[in-house]
Amino acid sequence: MAELATIARPYAEALFKAAASDLDGAAGWLDSLAAIAGNPQLLQFAEDPKVTAAQVFDVVAGVAGPSLPAQAQNFLRTVIDNGRLAALPEMAAQFRALVNARRGTSDAVIQSAFPIDAAALADVVASLEKRFGRKLHAKVEVDPSLIGGIRVVVGDEVLDTSVRARLEQMKVALTA
């Protein structure tokens, strides 16, 4: 994993510098390309020695759609020509981290046992922003194994108020 991060860093930093005028736009198309590049069948196709870089580019660009900007096409060609397609999801994550660092924000993953409606999510995000002291970009994931409550991951910080976590705490206390 560290190797992938090391490979991805220069690409993310170069894109961050090149896309300084439209960071949100670049983040959007980079996330799309990263999702496409995360497909194991595509990676297997790209690693086939009989397949050219142009063919891989055509497949990825075709899936991404005709609205792929010129900067995205150039970035994708560079990544494919250098054989770094597998590192594209890590490039997107590091790019997002650079954008967040510049803006003083963070990405937050909110795991909940049940779907959260928009009004409740806004309240939760407002409380979490006070707790973590910065603006958060929240993404909600449903995880029924939590039983109830929520688990929030912001960078390397975790706030776990789920029923599952409380049951684990009680189990540890009773067996100690």
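The values are calculated or read from the model by the stated rules, or taken from the named source; none is laboratory data. All figures in this text were calculated on a predicted structure; none of them were measured in a lab. Counting neighbours? That spans all protein chains shown, and the Cβs are built from the backbone with ideal geometry, glycine included. We work out accessible area using only protein heavy atoms, side chains counted, and drop any ligands, DNA or RNA first. Shrake-Rupley method; radii C 1.70, N 1.55, O 1.52, S 1.80 Å.
Solvent exposure of the stretch 1-154 amounts to 55 Å² per residue of accessible area, where only protein heavy atoms count and the probe is 1.4 Å.
Value of Rg to Rh for the stretch 1-143, rounded to two decimals, is 1.03; Kirkwood radius and Rg both from alpha-carbon coordinates.
Against the chain, whose longest principal axis is taken from its Cα atoms, helix 2-18 shows a tilt of about 70°.
Note on Asn39 and Val163: the model spin-label points, each 7 Å out from Cα along the C-beta direction, lie 3.9 nm apart. Relative to the dominant Cα principal axis of the chain, helix 23-37 is inclined by about 80°. Annotation: peptides 88-100, 69-81, ranked by per-residue average of other Cβ atoms within 10 Å with the highest first, follow the order 88-100, 69-81. The residues packed around Val153, meaning those with a beta-carbon under 11 Å from its beta-carbon, carry a net charge of -3 if Lys and Arg are +1 and Asp and Glu are -1. Multiplying the residue separation of Thr105 and Ser145 by 0.36 nm and subtracting their alpha-carbon distance yields 11.5 nm. Subtracting the Cα-Cα distance from 0.36 nm times the residue separation, let me have the gained length for Glu3 to Ala20 in nm, one decimal. This chain segment gains 3.5 nm when fully extended. Expressed to the nearest 5 percent, the antiparallel share of DSSP beta bridges inside the chain is 55 percent.
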